[in-house]
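Heads up: the structure comes next, in structure tokens.
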Amino acid sequence: MATRFDPAGPLHGDLSPPPDKSVSHRAALIAAMGEGETEIEGFLDSGDTRSTLTAIAALGAEIKHGGAAMARLSVRGVGLRGVREAAVDVGNAGTLLRLLPGWLAGQERGTWTLDGDDSIRRRPVDRIVEPLREMGARLRCRDDRLPPLRIDGSPLRGISYELPVASAQVKSCLLFAGLLAEGRTKVLEPLPSRDHTERMLAAAGASVERSEGAVSVLPAERLEPGEIVVPGDFSSAAFFLVAALLVPGSDIAVCGVGLNPTRTGLLGILERMGAEIEVEPGPPAAGEPGGRIRARATELRGVEVGGPEVPLAIDELPLVALAACFAEGETTIRDAAELRRKESDRIATVSEALAALGARVEPTEDGMRIVGGDGLRGGTVEPRGDHRIAMLGAVAGLASREGVEVSGMDAAAISYPGFEGDLASLLGG
């Protein structure tokens, strides 16, 4: 069903974004690995995170809901080595697909199969399969790179592994495996990536050591997470921040949002584009920094985006491309080939979507070139089941001259079921 987003008046007001999806996935998995009960405060209720809860329940964890929706969960874990055999449906959750195998591969015995929807079946897993096999894992997948993924538990040994591309998902998978491996497991990163897993494992009692460009973990007997507080999702808040920059007269604030420096690379990019953004730090949530971000409508300029800032803004790069359509001059995004491995090939999908709305955009092997200044005419966006492209289309419609129709807006529920309602609240609706 198509949803139309017409050019809008200014956005005003304060908004608290939904809980962080990346932290919610990891909180549920680490709680399932834990001993006893773990309380999770502020768990995100979305399609992807429900897939993770279904998965850990299939593996033997017990889940109790408290409060409205999933505002508070209690998870009784199975321990690091008590996983029940199961066929796991990961749905559309790429994070679950790439993190969970690390835990399962190190079980003493048992067999597990991970599969999901059509989108998941196109998402490669070779980058976790290769290092896990080096650790002694027994894994099989279609064409040696695609789901379904079969995992047979086996003894693992710690390794030192250099990631060919910075990836928090691959890093997290190997750290999970390292908890069950003999000896030290060390992951070297070419560039920093989000560090939620390291923070949460250390808080749960794991021996985690971080240094410049590397993180290592020693085998653990048990994890005791106790309580995990999930901050507001910066990636969700980013849609409103960019909308405020592009729609004339707008002035908004997002409150209680996570400000982990490995997640907020978008802010640095937008500031270089000339954006008027203010960040007010607030109290941390379970070791994660947080606070308030204010954004006001601003004239933007084109910039070069690449190198170490890419992994710190990988999920927000489609929004950078959208902002670039309204910025004076040319914007180049490079070193972002990882975008081709997301829910859709986001280099292709974003380029096609923006071009259909009147943008001057050229996809490249590892990014995009956008000539801005003219804004967007409007038209139709086909998200292809990708939640971030659906929300991108909505923001584009508000800032366009003629409006945008998003076919398949329901894809937004994968990460942000309340997106349209929250957007309407900032528009006075």
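Throughout, read-outs are computed from the coordinates displayed, never taken from laboratory work. Keep in mind it's a predicted model, so treat the numbers as computed, not measured. Glycine also receives a Cβ, built like all others from the backbone with ideal geometry; neighbour counts cover every protein chain displayed.
From the square roots a ≥ b ≥ c of the eigenvalues of the alpha-carbon gyration tensor of segment 95-184, which class results: rounded (a/c under 1.5), prolate (a/b over b/c), or oblate?
On the way: a/c = 1.92, a/b = 1.29, b/c = 1.49.
The shape class here is oblate.
Using the Cβ atoms and a cut-off under 10 Å, what net charge is assigned to the surroundings of C173, where Lys and Arg are +1 and Asp and Glu are -1? Walk me through the intermediate numbers first.
Values: positive: R98, R127, K171; negative: none.
Taking every other residue near C173 into account, the sum is +3.
For E37 and T380, calculate 0.36 nm times their separation in residues minus their Cα-Cα distance, and state this gained length in nm to one decimal. Provide the component values of the computation, followed by the final result.
Working: separation 343, 0.36 × 343 = 123.48 nm, distance 4.73 nm.
In short, 118.7 nm is gained.
Please give the calculated 222 nm ellipticity per residue for the chain, where each DSSP H segment of at least 4 residues contributes -39500 (n - 2.57) and the sum is spread over every residue; nearest 500 deg cm²/dmol?
Details: 12 runs with 128 residues, N = 429.
So the calculated ellipticity at 222 nm is -9000 deg cm²/dmol.
Using each residue's phi in segment 375-388, evaluate 6.51 cos²θ - 1.76 cosθ + 1.60 at θ = phi - 60° and report the 3J(HN,Hα) Karplus result to the nearest Hz, with x for Gly and Pro.
x, 10, 6, x, x, 10, 10, 10, x, 6, x, 8, 4, 6
Remind me, relative contact order of segment 81-220 in percent, using alpha carbon pairs under 8 angstrom and six or more residues apart? Write down the numbers at each step before the final one.
Numbers: 306 pairs, mean separation 30.4, N = 140.
Relative contact order, segment 81-220: 22 percent.
Tell me, what HN-Hα J-couplings in whole Hz come from the Karplus equation 6.51 cos²θ - 1.76 cosθ + 1.60 at θ = phi - 60° for each residue of segment 24-39, using x for Gly and Pro?
In residue order, the calculated couplings are 4, 4, 5, 4, 5, 5, 5, 4, 5, 6, x, 9, x, 9, 10, 8 Hz.
How high is the FRET efficiency between A337 and R50 when r is their beta carbon distance and R₀ equals 22 Å, given to the nearest 0.05?
Numbers: r = 30 Å, r/R0 = 1.37.
Approximately 0.15, to the nearest 0.05.
Non-local amide H neighbours of L146 (under 5 Å, H modeled in plane, Pro and chain starts lacking H): which ones?
Those qualifying (amide H under 5 Å, at least 5 residues apart or on another chain) are V125.
Between segment 292-342 and segment 103-118, what is the separation of their alpha carbon centroids in Å?
Cα centroid to Cα centroid, the span is 36 Å.
For the chain, rounded, prolate or oblate, judged on the Cα gyration tensor with a ≥ b ≥ c (square roots of eigenvalues), a/c < 1.5 rounded, else prolate if a/b > b/c?
Values: a/c = 1.81, a/b = 1.63, b/c = 1.11.
Prolate, because a/c is 1.5 or more and a/b exceeds b/c.
What is the extension gain from D117 to D251, computed as 0.36 nm multiplied by their sequence separation minus the C-alpha to C-alpha distance, in nm to one decimal? Could the numbers behind the result be given before it?
Values: separation 134, 0.36 × 134 = 48.24 nm, distance 3.92 nm.
Value of the extension gain: 44.3 nm.
Work out from phi, with θ = phi - 60° and the Karplus expression 6.51 cos²θ - 1.76 cosθ + 1.60, the ³J(HN,Hα) of each residue of segment 179-193, listed in order in whole Hz, and give x for Gly and Pro.
With the stated coefficients, segment 179-193 comes to 4, 10, 8, 7, x, 7, 10, 10, 10, 9, 10, x, 9, x, 10 Hz.
Mind checking segment 20-117 for GluC sites (Glu not before Pro) that DSSP puts in a loop (not H, G, I, E or B) and that have at most 10 other Cβ atoms within 10 Å? All intermediate terms of the calculation are to be shown ahead of the outcome.
Values: sites: E35, E37, E39, E41, E62, E85, E108; in loops: E35, E85, E108.
Here the sparse-neighbourhood loop sites are E108.
Suppose R0 equals 22 Å; then what is the FRET efficiency for R157 and E212 from their Cβ-Cβ distance, rounded to the nearest 0.05? Intermediate values should be presented prior to the final figure.
On the way: r = 25 Å, r/R0 = 1.14.
Using R0 = 22 Å, I get an efficiency of 0.30.
Please tell me the relative contact order of the chain in percent, rounded to the nearest whole number, where contacts are Cα pairs under 8 Å and at least six residues apart. Before the final figure, lay out each step's value.
Details: 1101 pairs, mean separation 76.4, N = 429.
Relative contact order of the chain: 18 percent.
Please give every one of the lysines within straight-line cross-link reach of K171, meaning a C-alpha to C-alpha distance under 25 Å, and leave out same-chain neighbours fewer than 8 residues apart.
K21, K186, K342
Tell me which residues come under 5 Å, amide H to amide H, from T3 once H is placed; ignore anything under 5 positions away on its chain.
It is V406, S407, G408, M409, by chain and number.
Looking at the square roots a ≥ b ≥ c of the eigenvalues of the Cα gyration tensor of segment 1-71, which shape do they give, rounded for a/c under 1.5, prolate if a/b is larger than b/c, or oblate?
prolate
Between A323, A214, A55, which gets the highest mean-square fluctuation from a Gaussian network model of the chain, Cα cutoff 10 Å?
It is A214.
Any chance you could check the Cα centroid distance between segment 371-398 and segment 125-178 for me, in angstrom?
35 Å
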